[in-house]
1. Using the Cα gyration tensor of region 163-202, with a ≥ b ≥ c the square roots of its eigenvalues, what is the shape: rounded (a/c below 1.5), prolate (a/b larger than b/c) or oblate (neither)?
2. How much solvent-accessible surface does Phe124 expose, in Å² to the nearest 10, with a 1.4 Å probe and all protein chains in place?
3. Starting from the Cα of Lys106, draw a straight line to each of the lysines and keep only those under 29 Å, dropping any in the same chain fewer than 8 residues away.
4. Given the pairs Lys151/Lys213; Lys50/Lys180; Lys151/Lys180; Lys180/Lys213, which span a C-alpha to C-alpha distance of over 31 angstrom in this model?
5. First select every other residue whose beta carbon is under 12 angstrom from the beta carbon of Ser196; then total the charges, Lys and Arg +1, Asp and Glu -1.
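The values are calculated or read from the model by the stated rules, or taken from the named source; none is laboratory data. As the structure is a prediction and not an experimental result, all values here were calculated from the model. Here the Cβ positions follow ideal geometry from the backbone for every residue, glycine too, while neighbour counts run over all protein chains shown. Note: accessible area is taken over every heavy atom of the protein model, side chains too, but ligands, DNA and RNA are not part of it. Shrake-Rupley method; radii C 1.70, N 1.55, O 1.52, S 1.80 Å.
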Amino acid sequence: MTFMLNQNQIKQLKDIVDKLLGREDAPLNALARFTPPFDISRPNIHDSKKVFLQEFTLVKTVVDNLRSVIDQILVLHSDEIPEYGELCRRLAYAIEVGASQKYRDKPLNEPSDLALKNIADTGFFTNSLRIVIDMNLVYNQRLIDLQDQEKEFWNVANRAPNYYARTIALRLARLYANEKNQRPTFGISREGNYPSTDFGRALEDVFALLGIKASVRNAAQWAIEQLTDEDISSPRFAMGGFLGLLPRTRADPM
């Protein structure tokens with residue numbers, strides 16, 4: 001859980017990750033500074049396989065349904081059905097009008113009320129789809145985490161010696177691969193028994209900060225082997241092209 005670190009430790013963790021990813025001069029987000037730069041919670045929080053499967057089924061259902069929503073909107077842009085272009089514009093306008101009416105006189109009692117009103121005022125049709133896409137990415141990442149847990153905890157006779165070490169190594173490796181669009185590497189220096197690559201040194205520092213007593217080499221090598229082409233190529237780039245196809249939408253006709 002994130003409460004295991006104080007603010008100074010979270011800053012140290014952020015500094016380690018920023019240095020690894022070349023983000024030393026990244027601007028500090030007033031909200032993000034209170035949270036670690038990646039998930040450091042212990043992954044196996046389920047008391048039984050039944051409880052694990054309940055969450056797995058729920059998350060997979062959400063991912064499938066979100067993907068279905070995205071696919072339905074994508075159909076509206078099919079070149080094979082020209083009349084769908086007009087359908088998309090008509091639907092977008094109707095959605096914009098409905099959202100504008102819903103939020104026009106809504107009292108702003110909470111910060112979330114203002115956020116929702118801003119979404120409606122700046123194009124509810126397009127913005128809501130962006131949120132669905134982001135939800136799909138986040139829930140899909142949780143599904144990947146659960147699939148990792150299933151492999152390590154529920155489909156083998158014995159648990160890994162230090163699964164927390166493996167999980168932290170894998171999350172850092174995926175963060176690196178996703179941002180750098182390349183696979184991290186690991187090696188041992190000839191001058192001593194310590195990591196010789198940026199990723200290895202960063203993982204060693206993370207282990208020390210989190211109090212993980214495990215072999216950095218074993219965890220790093222295992223994590224790197226788990227990476228897939230999907231980890232290295234961010235899905236955001238694929239979605240970016242689609243978002244450029246969305247029509248400009250407003251509650252008032254242009």
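1. oblate
2. In the full protein context, Phe124 sits at about 60 Å².
3. Lys117
4. Violating the 31 Å limit, Cα to Cα: Lys50/Lys180.
5. Values: positive: Arg190, Arg201, Arg217; negative: Glu191, Asp198, Glu204.
In short, 0.
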